[in-house]
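Undergrad: Pasting in a structure now, in structure tokens, and then I'll have a few things to ask.
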């Protein structure tokens with residue numbers, strides 16, 4: 001028996017945090033009954049999300065990490081009520097499981113998005129306790145003083161708590177438009193934009209260029225993706241303490257009966 005959050009994360013249904021949110025909202029059922037966080041399952045149940053039955057696998061798929069260059073105008077959701085383009089429509093198909101996004105970007109932000117078929121890996125790379133760095137290239141409109149930059153480094157009170165940039169690098173510019181590279185270790189909604197707005201500066205362009213150790217390649221065009229090499233994926237698992245999951249585990253073959 002296994003906790004439902006962990007089991008579904010290993011099946012690639014989402015990160016543990018995402019699955020926990022679905023459970024809190026009553027959107028997951030087990031054998032026709034609404035599931036709760038912490039429920040124990042063995043994998044032989046009929047599990048559905050939003051009424052759609054999941055195809056559960058008997059073996060663990062080889063973990064994958066995908067880089068995607070998100071263009072402006074796409075949303076990071078599988079089903080959008082307004083019918084807007086979503087990031088999933090351009091991703092390659094998986095034979096098993098489904099792509100789980102590692103973090104999100106709002107519709108007006110472009111740049112690097114990472115995906116994986118392992119919900120536990122997604123959880124490690126998103127959880128605040130791991131302090132994973134996200135770096136953004138930001139074009140701002142308006143004058144920025146030394147005092148403003150220092151305030152952004154020290155911390156600004158937002159509606160959901162204190163926030164700050166871990167690093168700010170002046171990247172130059174001309175006129176009233178100026179570029180900065182900023183680093184944060186959280187993934188709050190629109191955090192970069194809200195920080196600049198808190199000191200009275202408007203963000204006119206925002207692109208994520210790095211997530212953890214992964215940089216957005218200059219040759220990767222908007223709307224395109226690339227799979228990371230197996231050696232790179234293995235090193236990521238080792239660094240995050242997930243080395244045991246970096247190899248594919250197949251269902252054991254049945255032994256032939258002796259005549």
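Undergrad: How about segment 77-122: which of its residues are over 26 Å from residue 62 (Cα atoms) and assigned to a loop (DSSP other than H, G, I, E, B)?
TA: 79, 80, 81, 82, 83, 84, 85, 105, 106, 107, 108, 109
Undergrad: Could you list, ordered by first residue, the pairs with Cβ atoms under 7 Å in which the first is in segment 86-102 and surrounded by fewer than 13 Cβ atoms within 10 Å (Cβ to Cβ) and the second is part of a strand (DSSP E or B), at least 6 apart or interchain?
TA: Qualifying pairs under 7 Å: 92/225.
Undergrad: Among the residues of segment 80-90, is there at least one that is at pLDDT 90 or above and within 21 Å of residue 213 (Cβ to Cβ)?
TA: no
Undergrad: Moving on to the next point. Being under 14 Å from residue 65 (Cα atoms), at pLDDT below 65 and in a helix (DSSP H, G or I) is the filter here, so list the residues in segment 226-250 that pass it.
TA: 245
Undergrad: Would you mind telling me which numbered condition in (1) more than 22 Å from residue 228 (Cα to Cα); (2) surrounded by 14 or more Cβ atoms within 10 Å (Cβ to Cβ); (3) out of contact with any strand residue (DSSP E or B) (no Cβ under 6 Å at 6 or more places or on another chain) residue 53 fails?
TA: (2)
Condition check ((1) surrounded by 15 or more Cβ atoms within 10 Å (Cβ to Cβ); (2) touching a strand residue (DSSP E or B) at 6+ places or on another chain (Cβ under 6 Å)) across all residues:
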| position | (1), (2) |
| --- | --- |
| 117 | yes, no |
| 164 | yes, no |
| 168 | yes, yes |
| 188 | no, no |
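Undergrad: Residues in segment 120-143 that are out of contact with any helix residue (DSSP H, G or I) (no Cβ under 8 Å at 6 or more places or on another chain) and buried (at least 20 other Cβ atoms within 10 Å of the Cβ): how many? Working first, answer last.
TA: Of segment 120-143, the ones out of contact with any helix residue (DSSP H, G or I) (no Cβ under 8 Å at 6 or more places or on another chain) are 125, 128-129, 131, 133-135, 137, 139, 141-143.
Remaining after also requiring buried (at least 20 other Cβ atoms within 10 Å of the Cβ): 125, 134-135.
Residues meeting the conditions: 3.
Undergrad: Okay, moving on. Considering only residues of segment 123-147 that are in a loop (DSSP other than H, G, I, E, B) and under 13 Å from the mean Cα position of the chain (by Cα), which is modelled with the lowest pLDDT?
TA: Selected residue: 127.
The values are calculated or read from the model by the stated rules, or taken from the named source; none is laboratory data. Everything numeric in this text was worked out from a predicted model, so none of it was measured. Using ideal geometry, Cβ is built from the backbone for each residue, glycine included, and neighbour counts are taken over all protein chains shown.
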